[in-house]
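Below is one structure; the comments refer to it alone.
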Amino acid sequence: MQAIASSSRTNIVRLVFGLTIGLGAALLFWQQLMLGRLLLPVFGSVPTVWLVSLVVFQTVLLGAYAFAHLSHTWPRWFALSSIVLLVIAAGAQHFLYPDMAALGSSTAIDAPSVIIALLGLSGFSLFVLSLISPMLQNIYAGLPQPDAKDPYFLYSASNFGSFAGLLVFPLLLEPLFGVRMSQTIWFWGAGLFVILLNSCLAFSAKAAPVVDAVPSAIDEVKPHYLKWLFYSFMPCALSFGATSHLISDIAPLPLLSMVPLALYLLTFVLAFSRKDRFSDDLAIAQIFLIAFYVFREIFTNFKPSHLFDILIILAAFFLTAWRCHRELVKLRPSSRYLTAFYLTLALGGALGGIFNVFVVPFILPLPMEFMLFLLITLLPNWKDDVARLKMPQFKKLHILIFGLLAVTLVMLAVQNLNVAVARMVTPVALVVSLMLLTMLPSVLAVASAALIAISLIVTPTPIALQRDFFGVKRVMDRTFDDGVVYRTLLHGTTSHGMQQRTPSVTTAPQLYYAPGSGLQDVVEVMQPHHVGIVGLGMGAIACIPPRSSDIRYFEIDPGVEALAKQYFTYLHDCPAEIVIGDARMTLASDRNYYDLLILDAFSSDAIPVHLLTEEMFKVYRERLDRNGVLLLHISNRYLNLRHVVAGAAKQLSWHGAIKDHVPERDAPNLTPSEYAVLSPDKQVIQALLDKGGWISVDEVSPLYWTDDHISIVPILNLGFGK
């Protein structure tokens with residue numbers, strides 16, 4: 001009977017500690033997503049804001065784990081009492097939340113401002129929640145529990161809680177209740193967390209002193225600090241690369257940024273669980289995915305631009321992170337090194353984030369770090385690969401592999417000369433050689449690095465290249481088959497305009513602004529005199545309204561202004577005033593009125609969600625003349641934004657129309673475009689509908705976005721891009 005009671009108590013203690021650690025982790029990541037969601041509009045919805053926020057979270061986690069390590073010798077009751085007091089203090093900080101709008105009114109859009117805002121808002125409570133897992137695991141290791149010698153299963157509970165916290169906010173709470181109500185629910189969850197913490201305190205206070213038992217196998221494992229650092233650094237660095245691809249090409253929202261983070265946490269759950277299912281087949285699949293990804297990157301000129309590419313990125317990241325975390329499980333030390341182990345993991349994670357956000361952009365002009373980090377994870381296999389290379393039975397295979405690689409290198413070097421044979425042979429040779437090299441991962445890494453270097457050498461050098469807080473921007477000249485040279489401004493993976501350079505420089509509209517587009521129709525019908533434009537690009541729109549029009553641009557990125565003035569002639573030929581700053585702030589403080597206001601503000605394909613909410617549409621209404629027109633460029637590969645426009649029309653009680661234009665002739669300087677127009681003036685909308693090609697917004701189901709409630713799931717295009 002006593003044995004049954006003891007077993008029951010053992011299970012209850014294990015459950016309470018697991019629930020407490022899991023709930024603390026859930027609250028931590030739930031809070032991180034809410035903070036990111038609140039801060040994004042303040043800083044112009046720039047995708048890098050979320051990446052900087054992730055670095056702050058990783059650094060706070062490092063500080064918390066350092067505190068846990070330094071305090072691991074404290075008595076159990078004192079450690080838990082300290083945690084409870086810290087939680088109460090952290091909760092008090094939340095009631096002092098400043099008004100986000102007031103914060104944004106005087107905030108610079110750069111990394112230091114984001115860091116200061118985050119730490120001021122909730123740095124202390126993030127710190128407290130971060131130290132819960134290592135401290136409670138350390139305390140559990142001192143309890144008279146049968147599994148106290150190997151408490152790492154609680155780390156799986158921690159990561160499962162983090163995973164749940166990531167899913168709950170963007171998929172359930174924000175769609176149903178909005179951000180503010182989600183904060184209130186978070187406080188209720190924090191209250192439950194304090195109760196569970198006190199339960200852990202009670203169990204710990206009644207626990208008998210631990211008598212050293214016979215050493216277990218894990219007691220013999222010694223610290224491997226460098227290996228811990230490497231296998232924690234790489235998955236975190238990769239998660240930043242995967243996140244950057246998602247939020248730069250679709251939207252900087254918690255729903256998207258949580259995907260790599262959720263996969264990252266899931267790999268921890270799988271690796272640290274007692275039934276890890278990673279197999280040799282998955283290892284081969286991981287190496288093959290890396291090889292395939294490298295091949296695709298090289299032959300798409302390092303510009304992933306479809307959902308298929310993003311799925312490959314996520315799959316390669318998931319398997320690689322899982323494999324790295326599995327190595328950490330093999331290297332986990334005895335419980336007396338537990339806090340040192342977690343501190344090293346936190347250091348690796350923090351360095352991974354810091355390196356990606358604050359070091360890589362100054363080293364690599366192009367966003368290639370994700371691919372390079374994938375290849376680096378293959379290098380620890382070099383001893384096994386060298387041994388295989390020495391085996392005589394593999395000699396013929398090696399000759400074939402290196403022969404194919406040699407052919408690939410030669411073909412890759414000459415394919416820019418438009419040699420037909422090279423263009424046909426290169427992909428075949430590369431695919432076959434990379435597939436064979438899955439058996440030699442470290443050789444694959446070195447060979448891939450050589451291919452990347454040659455590809456960069458033979459790829460035309462951009463006329464101008466910028467990589468900064470606002471992303472990667474390139475100015476490039478391209479000669480088409482008819483001999484005409486066009487100059488293009490690329491932001492991320494999207495072209496933001498094109499200007500003809502030879503046989504003569506012209507200001508004729510190209511790409512999305514060509515004749516027949518929605519923009520051209522609106523200008524033809526209205527003949528506007530006062531035009532406001534959100535989003536500068538290369539300044540091409542300035543030459544479309546009548547030359548007597550007053551043009552004013554609102555642009556968030558000063559680097560774009562410099563490129564537009566230096567490498568294109570639109571702003572010289574069609575002068576316009578340029579206001580630098582987030583349009584959310586600059587338009588609200590503007591005192592001019594416009595008969596045409598154009599929203600054309602997209603970095604890569606990422607949409608500025610804070611410019612498409614009900615609150616912002618009210619700002620547009622205030623800046624328009626009584627019968628003014630709001631024109632929105634909503635071309636997007638991944639999101640069907642016409643539903644958001646239809647929702648705004650109903651909120652404003654305005655009339656509206658949408659045009660999805662496909663050029664009549666196939667030409668490299670013309671692209672399909674989608675525009676939406678809203679106005680209180682029914683006659684303007686009717687005139688557009690009479691021109692043909694336009695449909696009324698009344699035919700589109702509305703989706704309502706507010707600052708408190710944004711959901712992209714209903715409008716997400718699950719195909720492979722337009």
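Tabulated results
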| item | result |
| --- | --- |
| Label-to-label distance, nm, for residues given as residue 664 and residue 153 (7 Å Cα→Cβ offset) | 7.3 |
| Whole-percent carbon and sulfur share, accessible surface of the stretch 542-672, 1.4 Å | 47 |
| P(r) weight above 15 Å for the stretch 617-688, C-alpha pairs, percent | 56 |
| Cβ charges +1 (Lys, Arg) and -1 (Asp, Glu), total dipole of the stretch 632-722, debye | 120 |
| Pairwise FRET efficiency - residue 691 versus residue 192, Cβ, R0 = 56 Å, nearest 0.05 | 0.40 |
| Chain lengthening between residue 505 and residue 589 when straightened (0.36 nm per residue, less Cα-Cα) | 26.6 nm |
| Sites residue 359 and residue 382 - FRET efficiency at Förster radius 25 Å, r taken between beta-carbons, to 0.05 | 0.50 |
| Gain upon complete extension [residue 314, residue 565; 0.36 nm per residue less C-alpha separation] | 86.6 nm |
| For the stretch 539-622, radius of gyration divided by Kirkwood radius, i.e. Rg to Rh on alpha-carbons | 0.95 |
| Equivalent-ellipsoid semi-axes of the stretch 459-599, from the Cα gyration tensor, Å, largest first | 25, 20, 12 |
| Distance violations [Cα-Cα > 19 Å] among 618/659; 565/659; 659/682; 659/691; 473/659 | 618/659; 565/659; 473/659 |
| The stretch 499-525-the stretch 606-668 distance, computed between alpha-carbon centres (Å) | 20 |
| Alpha-carbon centroids, the stretch 311-390 and the stretch 672-688: separation in whole Å | 51 |
| Extension gain from residue 330 to residue 580, taking 0.36 nm per residue of separation minus the Cα-Cα distance | 84.7 nm |
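The values are calculated or read from the model by the stated rules, or taken from the named source; none is laboratory data. Since this is a predicted model, take the numbers as computed values, not measurements. For neighbour counting, all protein chains shown are included, and Cβ atoms are generated from backbone atoms with ideal geometry for every residue, glycine included. Note: accessible area is taken over every heavy atom of the protein model, side chains too, but ligands, DNA and RNA are not part of it. Shrake-Rupley method; radii C 1.70, N 1.55, O 1.52, S 1.80 Å.
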